[in-house]
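Input: a single structure, listed below in C-alpha cells.
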Amino acid sequence: MDNTEVIAVLVAGYDDDGVERATVILRDSQGNVTMRQMNAHDGLVQRAANADRFRRGKPIVDPVSREVVGYELERVALTH
C-alpha cells in the first residue's frame, strides 16, 4: 500500500473472529479510489481516523436532473 492514503473511515463492526473491521475508502498515487474492509486497528486506519474530521457540506446537484448526488466535505478542526 505504498503511497496509498485513507480518505474515509467507517467503522463497520466485528467479523466472525471478533476483529473490529472498518470500511475504508483508499486513494492511490494515480488517484484511483477503492473501498475495502480493513482491521480497524491497522496503523493506516488509525492515523486517518485521528487526523481529520469532516461533516457534510453543501449538496452537489446534478445540473440536468437537479437531483442531489452527494455532498461536499467540510473539514472540522479537532480540539485536543
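Averaged over its residues, the chain has an accessible area of 78 Å² per residue, based on protein heavy atoms and a 1.4 Å probe. Go ahead and estimate [θ] at 222 nm for the chain from helices alone: -39,500 (n - 2.57) per DSSP H run with n ≥ 4, summed, over the residue count, rounded to 500. Rounded to the nearest 500, the figure is -3000 deg cm²/dmol.
Residue by residue, segment 57-62 carries 3J(HN,Hα) couplings of x, 5, x, 9, 10, 5 Hz when phi is fed to the Karplus relation 6.51 cos²θ - 1.76 cosθ + 1.60 (θ = phi - 60°); x denotes Gly or Pro. Amide H contacts for Ala12 (H built 1.01 Å from N in the peptide plane; partners 5 or more residues away or on another chain; cut-off under 5 Å): Arg21, Ala22, Thr23.
Only alpha carbons enter this Debye calculation for the chain, each as an equal point scatterer, and the log10 of I(q)/I(0) it gives at q = 0.23, 0.27 Å⁻¹ is -1.12, -1.22. Just the protein heavy atoms count here, and of the accessible area of the chain at 1.4 Å, carbon and sulfur take up 48 percent.
The values are calculated or read from the model by the stated rules, or taken from the named source; none is laboratory data. Just so it is clear, the structure is predicted and the values come from calculations on it, not from any experiment. For the accessible areas, the whole protein counts, side chains as well, though only heavy atoms, and no ligand, DNA or RNA atoms are used. Shrake-Rupley method; radii C 1.70, N 1.55, O 1.52, S 1.80 Å.
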